[in-house]
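As structure tokens, the structure follows; a few thoughts come after it.
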Amino acid sequence: MTRESRWRADQMPDQDGRVFVVTGANSGLGLATTRALARRGARVVLAVRDEEKGRRAVAQLTSEQARARLEVRPLDLSDMASVHAFADGLKSDGVHPDVLVNNAGLMAPPRTLTAGGQEVQFAANHLGHFALTALLLDLMAGSDDPRVVTVTSANHRQARIFFDDLTGERKYSPMGYYNQSKLANALFGWELHRRLSAAGSRVRSVLAHPGYTSTGLQTSAPVGRVKFVFGRLLLPLAQAPDQGALPQLYAATDPQARGGELYGPDGMGELRGAPKRVELAPRATDPEAAGRLWQLSEQMTGVSFALPAAA
């Protein structure tokens, strides 16, 4: 994609008749993604931790688009019982998503463990999306163009997986463990593509990152230096959520988006701009690390994929 043909939201194909599940859809990138999809005729399930905030988001969007087809369903990605309940609810109600957008994220809080004993960023950003994807794949099988879009970050390039200390018990860094979760997103999306391809599946697993975008992510969870740097000092450099959402919208809807690829902004340093294909870090395409993370994720969530391991 050249800069002369920079992609915009109004270039999105018509989405009438298609169903999208967007996690974290009540604010930031998730809200911007939902707004753009609704404008193109999509039915969007807003998967949100706080139902009241979800209802307020729907009220806002329907005031802008009276005919928007939106519904709110509760989902706490850090709680496996909630993930199962969400998937079971879609199944029992006969909802068959065409596209799952794994968008929700938590950034750089103080060290916190979930009720299941996992570090909360790894649990919410990676494990919850891993399990949700596994539970929804069968529902997506009949779609004409099924896709899973997993949102990572350019920070995956400076990250590593702390396989010997996944919970941060020995040494915890808020940004280090945020970066770990974003590398986990990238490893998962890439490995999912390999396994779907090996299975002959029609589902595309595509990755996206938003560059530097002004959302509540920089201010809702971080504390201290991280909150000052990302929530105040650098915030004037950030782009708006409607712009930051373009890479994941491209990955979710454009016919040219390919499985196993990462789409991010085309500007300097991939901080802002229109979507283009960008490079995954070599560590995000390491089959050994991806396989190890996959196996651990199945053990930690108790959820497995009915897909063969890629060669």
Answer from Arg6, Arg73, Arg67, Arg55 - the residue that is basic (Lys, Arg) and either without any contact (Cβ under 8 Å) to a residue 12 or more places away in the chain or within 15 Å of Gln248 (Cβ to Cβ) (or both): Arg67
When only residues in the stretch 15-44 that are closer than 18 Å to Gly142 by Cα and buried (at least 24 other Cβ atoms within 10 Å of the Cβ) count, which is nearest to the chain's Cα centre (by Cα)? Val21
Name the residue, out of Leu139, Leu70, that is under 24 Å from Val21 (Cα atoms), in a helix (DSSP H, G or I), at pLDDT 95 or above and under 20 Å from the mean Cα position of the chain (by Cα). Leu139
Would you mention how many residues in the stretch 59-92 are among the small types (Gly, Ala, Ser), within 15 Å of Gly41 (Cβ to Cβ) and exposed (fewer than 13 other Cβ atoms within 10 Å of the Cβ)? 1
Per the list (1) buried (at least 21 other Cβ atoms within 10 Å of the Cβ); (2) of a type in the set (Asp, Glu); (3) more than 21 Å from the chain's Cα centre (by Cα), residue check on Asp98 breaks on (3)
Write out, first by first residue and then by second, each pair whose Cβ atoms fall under 6 Å of each other, whose residues are 6+ apart or on separate chains, and whose first residue, in the stretch 32-51, is over 20 Å from Ala85 (Cα atoms) while the second is aromatic (Phe, Trp, Tyr). Leu37/Phe20; Ala42/Phe20
When you go through (1) under 26 Å from Asp144 (Cβ atoms); (2) in contact with an Asp or Glu (Cβ under 6 Å, 6 or more places away or on another chain); (3) of a type outside the set (Phe, Trp, Tyr) one by one for Pro97, which number turns out not to apply? (2)
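The values are calculated or read from the model by the stated rules, or taken from the named source; none is laboratory data. Values in this document were obtained by computation on a predicted structure and should not be read as measured data. Reconstructed Cβ throughout: ideal geometry from the backbone, glycine too, with neighbour counts over all protein chains shown.
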